[in-house]
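The values are calculated or read from the model by the stated rules, or taken from the named source; none is laboratory data. A quick note: this is a predicted structure, and the numbers were derived from the prediction, not measured. All Cβ positions, even for glycine, are placed from backbone atoms using ideal geometry, and neighbour counts span all protein chains on display.
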Amino acid sequence: MRHLINITDLTVEEIEELVTLGEAMRARPQDWRETQRGRILGTLFFEPSTRTRLSFESAMLSLGGSVLGFASADSSSTSKGESLQDTIRTVSSYCDIIAMRHPKEGAPIAARMTSNVPVINAGDGGHNHPTQTLTDLMTIRREKGTFEGLTIGLCGDLKFGRTVHSLVLAMSRYAGTRFVFISPPELRLPGYLLEELREKGIPYEEVERMEDVLPQLDILYMTRVQRERFFNEADYVRLKDTYILTPDKLALAGEGLRVLHPLPRVNEISPKVDDDPRAVYFDQVRNGRYIRMALITKLLEENP
């Protein structure tokens, strides 16, 4: 059975196909309106979510299917002590495909082992978020026309940012990619990812000042400092305002730059940036609906 746990579960060719299908669905959504009628998506969100959960639900409803699930662990039997495995066994008896978010790294792997239907990882702790990465990739190709030869700056919480980890894994597969990692020392990209880049010979640079590198970037991927990943409140307070993108800073960048953000935003991008044509994070949100429509379609076709 085919699942999506990590972005590397998809080949480069499959990513291209999904992005192309997502763009076709965005252009003519009516052509897919009844294609999954009678199919049910289970949304198991053990952790809060707005965009990911609602975009999955919107995607399935747009395909003519139905949705069931819960939006927090408190509203499931896990609050009574039920194991994740038993929850998955139960819910997979009621639906055709599952999208699951969980605060523990590796939980989707455990879910995959006991599920009767395909499982999509909708974010597991600070580990991976492959469907956000598909959203990012669709946005990048729409804006830049290619995945190759791009200099990508990732800024903020690179240590705990699962969207960052997945995007690095995805973009490291394309020729000519160069990374610029912008963070304080405490929130640097995990060592295992840096080691993988070194092994592949992919150039990267680690810096602490956003202003120093903005002119050289094709993509600036902003992230929030995630309060929920910190054990020490004082550390969060000390680091949360480290990077804030303002119109003055954005003036240092070229016209070809595109600013992405997986959202939610706290204060790391000034609202005054929103109207700049280089800010594409709300179009990125829209793309999330269509790329998830494409992914649901692909997995249900492969697992009829």
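Is it the case that some residue within region 136-149 is within 12 Å of residue 44 (Cβ to Cβ) and among the charged types (D, E, K, R)? No, the conditions are met nowhere in region 136-149. When residue 169 is tested against (1) touching a helix residue (DSSP H, G or I) at 6+ places or on another chain (Cβ under 6 Å); (2) of a type in the set (A, V, I, L, M, F, W, C); (3) in the same structural domain as residue 41 (by TED's automatic domain parsing), only condition (3) is not met. Do we have any residue at all in region 174-184 that's in a loop (DSSP other than H, G, I, E, B), modelled with pLDDT of 95 or more and aliphatic (A, V, I, L, M)? Checking region 174-184: at least one residue is in a loop (DSSP other than H, G, I, E, B), modelled with pLDDT of 95 or more and aliphatic (A, V, I, L, M). Scanning region 247-304 for residues being among the charged types (D, E, K, R), closer than 16 Å to residue 15 by Cβ and buried (at least 18 other Cβ atoms within 10 Å of the Cβ) gives a total of 2. Within region 128-138, can one find any residue that is out of contact with any Gly (no Cβ under 9 Å at 6 or more places or on another chain), outside any helix (DSSP H, G or I) and either in the same structural domain as residue 167 (by TED's automatic domain parsing) or crowded, with 23+ Cβ neighbours inside 10 Å (or both)? Yes, region 128-138 contains at least one residue that is out of contact with any Gly (no Cβ under 9 Å at 6 or more places or on another chain), outside any helix (DSSP H, G or I) and either in the same structural domain as residue 167 (by TED's automatic domain parsing) or crowded, with 23+ Cβ neighbours inside 10 Å (or both). Within region 53-89, restricting attention to residues that are at pLDDT below 95 and among the hydroxyl-bearing types (Ser, Thr, Tyr), the residue that is farthest from residue 298 (Cα to Cα) is 79.
Considering only residues that are among the polar types (S, T, N, Q) and within 30 Å of residue 152 (Cα to Cα), which ones fall in region 106-134? Can you show your working first?
First, the residues of region 106-134 that are among the polar types (S, T, N, Q): 114-116, 121, 128, 131-133.
Answer for region 106-134, where residues must be among the polar types (S, T, N, Q) and within 30 Å of residue 152 (Cα to Cα): 121, 128, 131, 132, 133.
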